[in-house]
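Note sheet for the following structure.
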Amino acid sequence: MDIFDVENSVVSTEALHDAVGFISEFSVELQQYDNRITGSASETACARAIRSRLADETDATVRLEAYRSFPLLGRGSLPFFGLWYLLCYVLYFVSFAGNITAGILLTVLALAVFAVGSGVMTALYFNKKRFKKFLSQKVSYNVVSEFSKNTDKLKKERVFIIADNHDATLGNFVTDYRIMSKIAHIFVPLTAAVFVLFCILKMAIGTDSEVKITAFTVIPAVVGVLGVTVTLLRFSPFERHAKQNNGVATSVAMATYAYFAEQPDILPEDVRIVYASFGGENSAHGGSDAFVKSHPEFADAHVLCIGDIDSSEFKIAERNAIRRIEYSTPFVSAIRSSAHEQKIDISALPTDTVSQKLASIHGYMSDAFAQNGNPTATIVADEHRSSERVLEINDLEKLFSVTVGTFIKLMGDTSTPAEEEHKEQPKTPSSAEMEIHAVVGK
């Protein structure tokens, strides 16, 4: 692994040391909230811990913003789909008990239930929110803080948001998360196709002999048990099985916000810096969606999202290949430029193969912002997309330095909104001219 040369950093050595010390410390502190799935007491406690610590670090006002979350959206819908799948098989096997006509009608019913259920469950799994009114609701919290040295309330400000999510991903009943994921991606669609095929063949050929009855019961039974079991076990709704959020992204985002909030002299006069940590983000991106809807005043904001940081191989998510959502090219270029100037290796997240596309099936935090028209991109380092898994102090230095450098570039490069062009604006120094000071720890 390449050692980060701090001399290349846009941040002073002292500031880098203070920031990484905070990131290391607070990441460990957040581990006590290891089961913080959507709407859980642990998730709420984690949000409060973030609010308290950020207020201590910056003296800024930090608030919790409550919203209605839906744990059964996204990954949480799969166990529900498994139960629905089981009902379809029950109807299929009951169809053998009656006469031919009753058997055909029950088989048609099994197919209809499967078709409707599959459509609904697929929509839920792919984060479609049209059915959420039928789902159970809980309360999740976004943690939000803002800082600006501008005292003129009538003055148009440029807004820059650093965002993360503090909730945990649903785990499963099997120790090796990746193996279960691969099995599910192969066997769930395969067993579903077999179920539909046997329903059709049963109605077309009939079950008027022992050989046919055996064929139409034994094979679907084996396939059905496999399909239902894999579907039910893919994700667990229980907190104890949660895939732990290591808190690195949250800590880096907080440190980045604190870097600017504690040093107002490096901020241009027309800039507002915002920190946002989302709860319930792993349930159909409830946190970022709620934030966008609650803050129309941030419609023009530049948003840097930090996703899962589980490895040392940093990637830029430039687009959501499944939903065909393109993120901001200038924003991505700013991240690349920041990394390049500091000699930090960061590349685009590949989306060429089917498996790479499926990796974005549940999307990124940037989705809600991109659909809202915000310039945005997401930095991720997911262990499932990389062979590198171990995070070291060196990696935390790189990530923090890249995020700070990206904002310095954007603050110097982005222009004032068109309607403000004719107003006298204070000159914004370029990134090369900005004086960087150390963060004073508290």
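The table below gives the values:
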read-out: Test set (1) outside any strand (DSSP E or B); (2) open to solvent by 10 Å² or more (accessible area, probe 1.4 Å) - Tyr257 fails condition number; value: (2)
read-out: Arg68 being touching a residue at least 40 places away in the same chain (Cβ under 8 Å) and either within 21 Å of Asp367 (Cβ to Cβ) or touching a Phe, Trp or Tyr at 6+ places or on another chain (Cβ under 8 Å) (or both); value: yes
read-out: From Ser338, Ser333, residue being part of a helix (DSSP H, G or I), open to solvent by 10 Å² or more (accessible area, probe 1.4 Å) and either modelled with pLDDT of 90 or more or small (Gly, Ala, Ser) (or both); value: Ser333
read-out: Residue check for Ile213: within 28 Å of Ile306 (Cβ to Cβ) and either open to solvent by less than 40 Å² (accessible area, probe 1.4 Å) or touching a residue at least 60 places away in the same chain (Cβ under 8 Å) (or both); value: no
read-out: Some residue of the range 301-318 being open to solvent by 10 Å² or more (accessible area, probe 1.4 Å) and within 16 Å of Asn372 (Cβ to Cβ); value: yes
read-out: Selection count, the range 229-254, where residues are part of a helix (DSSP H, G or I), of a type in the set (A, V, I, L, M), open to solvent by less than 40 Å² (accessible area, probe 1.4 Å) and more than 28 Å from Lys409 (Cα to Cα); value: 1
read-out: Subset of the range 351-373 that is over 17 Å from the mean Cα position of the chain (by Cα) and of a type outside the set (A, V, I, L, M, F, W, C) - its residue that is modelled with the lowest pLDDT; value: Ser355
read-out: Candidate set: the range 170-206, residues that are open to solvent by less than 50 Å² (accessible area, probe 1.4 Å) and more than 25 Å from Leu78 (Cα to Cα); chosen: the one farthest from the chain's Cα centre (by Cα); value: Gly206
read-out: Given (1) under 21 Å from the mean Cα position of the chain (by Cα); (2) outside any strand (DSSP E or B); (3) of a type in the set (Ser, Thr, Tyr), number of the condition Tyr275 does not satisfy; value: (2)
read-out: Filter result (hydroxyl-bearing (Ser, Thr, Tyr), surrounded by fewer than 21 Cβ atoms within 10 Å (Cβ to Cβ) and under 21 Å from Thr169 (Cα atoms)) within the range 40-61; value: Ser42, Thr44
read-out: The range 129-148: number of residues that are out of contact with any Asp or Glu (no Cβ under 7 Å at 6 or more places or on another chain) and in contact (Cβ under 8 Å) with a residue 60 or more places away in the chain; value: 11
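The values are calculated or read from the model by the stated rules, or taken from the named source; none is laboratory data. Please read all numbers here as calculations on a predicted model, not as lab measurements. All Cβ positions, glycine included, derive from the backbone under ideal geometry; neighbour counts span all protein chains shown. In case anyone asks, the SASA skips ligands and DNA or RNA and just uses the protein heavy atoms, side chains included. Shrake-Rupley method; radii C 1.70, N 1.55, O 1.52, S 1.80 Å.
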